[in-house]
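Following: one structure in structure tokens, then a few remarks.
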Amino acid sequence: MCNLIEEKDVTPVTLSLELETAVIEHKLEQDEDIYVTEGGVFPCWIKVIKNSGYIGFTSYIMFRKTSSYLDRLELANRFNKRNYMTTNHVDGDKLMIDHVLCYKSGILKETFIRGLRQYSSAICNSITEIDPGYIVLLPLGETESNETTNEQADKPEV
């Protein structure tokens with residue numbers, strides 16, 4: 001039994017089937033992104049990036065409206081320093097969290113599933129270590145009212 005997905009066979013449909021086999025709840029979206037919704041896995045999108053030969057994992061978590069731009073940058077920097085697996089950056093009110101797996105010459109099915117699980121646990125562990133009281137970040141699924149003041153006035157214009 002070959003556990004390798006050949007490079008030519010790395011598609012959203014193939015990856016979706018692998019997630020099904022691993023019993024990971026997800027949805028194949030019309031734009032061919034895969035949205036992972038499994039409980040216990042940090043929600044994320046999976047995209048096949050054909051031109052570069054990568055499988056990209058992307059997610060985000062919202063910042064509290066009361067957090068300053070400097071707080072956000074410092075938190076993203078701490079995520080990057082603590083966690084070698086993900087690349088993190090500030091995008092407005094979101095902390096974007098990315099990771100890629102190379103599938104040039106194929107990828108083992110186990111590497112894909114393990115990569116997703118490691119990506120998810122790296123995010124959860126980073127949050128627990130860096131912002132355990134959710135001072136800067138907003139817990140998943142929570143929202144803040146629009147009446148909360150925002151300290152974005154100190155954000156430099158780019």
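Relative contact order (percent) for the stretch 42-103, with alpha-carbon contacts under 8 angstrom and 6 or more residues of separation? It would help to have the intermediate numbers written out before the result.
Working: 90 pairs, mean separation 23.4, N = 62.
In percent, rounded to a whole number, it is 38.
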Whichever lysines have a C-alpha closer than 27 Å to that of residue 81, once near sequence neighbours (fewer than 8 apart) are set aside: 47, 65, 94, 155
Label residue 87 and residue 124 with points 7 Å out from Cα along Cα→Cβ: what is the distance between them in nm? 2.6 nm
Extension gain from residue 22 to residue 51, taking 0.36 nm per residue of separation minus the Cα-Cα distance: 7.7 nm
Log10 I(q)/I(0) at q = 0.20 Å⁻¹ for the chain, from Debye over equal alpha-carbon scatterers, is -1.23
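What does the extension gain come out to for residue 29 and residue 14, with contour length at 0.36 nm per residue minus their alpha carbon separation? Write out the running numbers ahead of the final one.
Details: separation 15, 0.36 × 15 = 5.40 nm, distance 1.36 nm.
The residue 29-residue 14 span can extend by a further 4.0 nm.
Quick note: the coordinates plus some simple rules give every number you see, no bench work behind them. This is a predicted model, so every value here is computed, not measured. For neighbour counting, all protein chains shown are included, and Cβ atoms are generated from backbone atoms with ideal geometry for every residue, glycine included.
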